[in-house]
Amino acid sequence: MKTIIFSLLLVCVSIFQNSFATISHYETITFKVSGKCDMCKTRIESALKTHAAVQSASWDATTKNVTVVYNPHTASVDQLHQLVADAGYDTEKIKATDAAYKALPKCCQYNKESNLCCKMKCCKKKACAKDCCTTDCSADKTRGTDCCKTSCCK
């Protein structure tokens, strides 16, 4: 009888240890988030920290990278991106809705239209991204060759 009780106790302890190890497991991920200022930093970090799985979040305005320490067993990477997008900021995976973006203070609006401009077909035809893809660089000699050197027109 003592052996059975001891065996059951050992099994219970083993199950408890495995479940505890899962709960306290954290990973770190870094991804790009559009933004401009310290207010953006506060909003981005706060949006991520609303999820119980997020232990910490830190956004760098210079690199536009956010580093998140989170529990992958209770939150997915896509969920983290969605939290940021819901706050009005584009990530490399999920774009913020127009409504969420427009709800940001003016100083935090990071020119979303110019980010979308570079995905238009005309940029693939070497159009000028500086004018949001409305001018063909080769046809407009007054703009010179600098017009087509923007990164999205390559």
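Can you tell me which residue in segment 76-91 is farthest from I44 (Cα to Cα), limited to those that are assigned to a loop (DSSP other than H, G, I, E, B) and of a type outside the set (G, A, S)? The residue in question is D90.
Against the condition open to solvent by less than 80 Å² (accessible area, probe 1.4 Å), at negative phi and at pLDDT 60 or above, how does S24 come out, does it pass?
yes
When we screen L48, L83 for residues that are touching a Leu at 6+ places or on another chain (Cβ under 6 Å), at pLDDT 95 or above and open to solvent by 30 Å² or more (accessible area, probe 1.4 Å), the only hit is L83.
Working carefully through the options K102, K112, find the one that is at pLDDT below 95 and open to solvent by less than 20 Å² (accessible area, probe 1.4 Å).
K112
Look at A57 and say whether it is surrounded by 20 or more Cβ atoms within 10 Å (Cβ to Cβ), over 20 Å from E27 (Cβ atoms) and under 15 Å from the mean Cα position of the chain (by Cα).
In short, no.
Against the test of being open to solvent by less than 70 Å² (accessible area, probe 1.4 Å) and closer than 12 Å to Y89 by Cα, the options K32, K41, K36 yield a single qualifying residue, K41. Suppose the filter is of a type in the set (S, T, Y), open to solvent by less than 40 Å² (accessible area, probe 1.4 Å) and in contact (Cβ under 8 Å) with a residue 24 or more places away in the chain; does T67 pass it? Answer is no for this residue.
The values are calculated or read from the model by the stated rules, or taken from the named source; none is laboratory data. As the structure is a prediction and not an experimental result, all values here were calculated from the model. Ideal geometry is used to build each Cβ from the backbone, glycine not excepted, and the neighbour counts take in all protein chains shown. Keep in mind that these areas ignore ligands, DNA and RNA; they rest on the heavy atoms of the full protein, side chains included. Shrake-Rupley method; radii C 1.70, N 1.55, O 1.52, S 1.80 Å.
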